[in-house]
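Enquirer: To start, I am sharing the structure in question, which I have written as structure tokens.
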Amino acid sequence: MAAPTPLTSSAVDARGWRLAMGLRPLAPEYWLEVDANRDAELARKYELLARERSTVLALTGEGEDACTELLEEVTASLRRYHPGVVVELDEFEHPLVAASRLVQEDLCVLERDDEWRLVAACVCFPSRWNLAEKIGTSLDAIHSPVPGYDESLAAPTRKVFDRLEPDKSFWRLNWTLLDNADLFQPGARVPGESAPEDWFFRVERQTIRRLARSRAVVFTIRTYVSALSSLLGDEEFTENLLRALRGAPLSTREYKGWGDIAERLAARIGR
Ligand code: HEM
């Protein structure tokens with residue numbers, strides 16, 4: 001199975017814009033990613049959990065056993081695959097918060113009744129959406145603002161969730177452009193108007209994994225942000241990005257809050 005992806009040029013499909021699941025098999029050693037930003041990102045989580053707790057944490061009271069199991073899995077994975085990381089548990093915290101304080105990933109727990117529902121989540125680094133609006137709702141409802149999700153992704157996503165097994169996990173990438181570098185971006189997507197130099201390329205590396213004991217599904221989101229200006233020297237990336245921005249349907253461009261960034265980027269690089 002593949003090693004962690006370099007998270008810039010490879011995130012944009014060279015074949016142009018497409019709405020796809022793009023799931024790839026995930027080996028256990030690559031579930032969590034640890035890098036040089038760990039201390040800073042965990043400090044940010046700490047601050048957000050203190051000051052913006054109701055924005056970044058949502059618990060329904062369901063999925064408690066799954067959260068305990070998730071904490072066990074996170075500590076086991078760090079100890080086994082990232083032995084350099086100090087694992088200090090906050091025993092007085094909810095297990096989901098304790099787990100979240102250990103990793104750069106955002107953590108979501110889903111359980112199935114008639115549908116897969118988000119029952120517990122700690123999301124400190126949302127890309128312009130509000131956790132409070134999603135908690136307790138189904139995969140379909142969570143994705144209701146996403147153009148094309150209903151027609152192309154809803155059924156296959158449901159099927160993948162139903163068929164997940166603890167030894168068969170997956171990862172996928174999602175990317176966008178935003179006019180703000182902050183990792184913590186709750187709220188709505190409003191069209192950005194600044195010059196391409198002031199935009200940021202934001203990649204989410206997402207994983208889905210079934211827990212063995214509780215049978216819940218854990219969805220992780222790891223967010224990487226790079227200044228767009230730092231990437232424009234990579235010609236292949238810039239070509240692919242422009243092709244994707246131009247090829248995306250208007251509904252997607254509006255949903256993403258891209259404004260006329262495609263036109264301004266084309267003008268900036270002379271295409
Ligand atoms: C294989 C599974 C999944 C697929 C294929 C998928 C696909 C997508 C896509 C294509 C988008 C649009 C993002 C963009 O273009 O910027 C999206 C947005 C989103 N997804 Fe997923 N997703 C999956 C699983 C999940 C799960 C398990 C959650 C649970 C928390 C989730 C939460 C969200 C949220 C909150 C958004 C933003 C929606 C909004 O703008 O209000 N996704 N997803």
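Enquirer: For the range 139-152, enumerate the residues that are within 8 Å of the ligand (Cβ to nearest atom), assigned to a helix (DSSP H, G or I) and either closer than 18 Å to Arg112 by Cα or among the polar types (S, T, N, Q) (or both).
Expert: Hits for the range 139-152 are Leu139, Ile142.
Enquirer: Applying the selection to the range 51-100, what residues are in contact with a Pro (Cβ under 9 Å, 6 or more places away or on another chain), in a helix (DSSP H, G or I) and farther than 17 Å from Ser214 by Cα?
Expert: Once the filter is applied, which keeps residues that are in contact with a Pro (Cβ under 9 Å, 6 or more places away or on another chain), in a helix (DSSP H, G or I) and farther than 17 Å from Ser214 by Cα, the range 51-100 yields Thr55, Val56, Ser77, Arg80, Tyr81.
Enquirer: Another question, if that's okay. One residue is enough: does the range 193-209 have a residue meeting the conditions closer than 30 Å to Glu62 by Cα, buried (at least 19 other Cβ atoms within 10 Å of the Cβ), away from the ligand (no atom under 11 Å from the Cβ) and hydroxyl-bearing (Ser, Thr, Tyr)?
Expert: no
Enquirer: Under 8 Å by Cβ, and 6 or more places apart or on different chains, what pairs join a residue from the range 135-155 that is without any contact (Cβ under 8 Å) to a residue 24 or more places away in the chain and farther than 17 Å from Met21 by Cβ with one that is within 9 Å of the ligand (Cβ to nearest atom) and assigned to a helix (DSSP H, G or I)?
Expert: Listed by first residue and then by second, the contacts come to Ala141/Lys134.
Enquirer: Can you confirm whether Glu33 is away from the ligand (no atom under 16 Å from the Cβ), under 28 Å from Lys256 (Cβ atoms) and not small (Gly, Ala, Ser)?
Expert: Spelling it out, Glu33 is indeed away from the ligand (no atom under 16 Å from the Cβ), under 28 Å from Lys256 (Cβ atoms) and not small (Gly, Ala, Ser).
Enquirer: How many residues does the range 161-207 hold that are within 20 Å of Lys45 (Cα to Cα) and under 16 Å from the mean Cα position of the chain (by Cα)?
Expert: 13
Enquirer: Please determine, by comparing only the residues of the range 41-65 that are surrounded by fewer than 11 Cβ atoms within 10 Å (Cβ to Cβ) and either in contact with a helix residue (DSSP H, G or I) (Cβ under 6 Å, 6 or more places away or on another chain) or free of Cβ contacts under 8 Å to residues at least 60 places away in the same chain (or both), which one is nearest to Trp129 (Cα to Cα).
Expert: Arg51
None of the figures in this text is laboratory data; all of them are computed from the coordinates on show. No experiment lies behind these values; they were computed from the predicted model shown. All Cβ positions, even for glycine, are placed from backbone atoms using ideal geometry, and neighbour counts span all protein chains on display.
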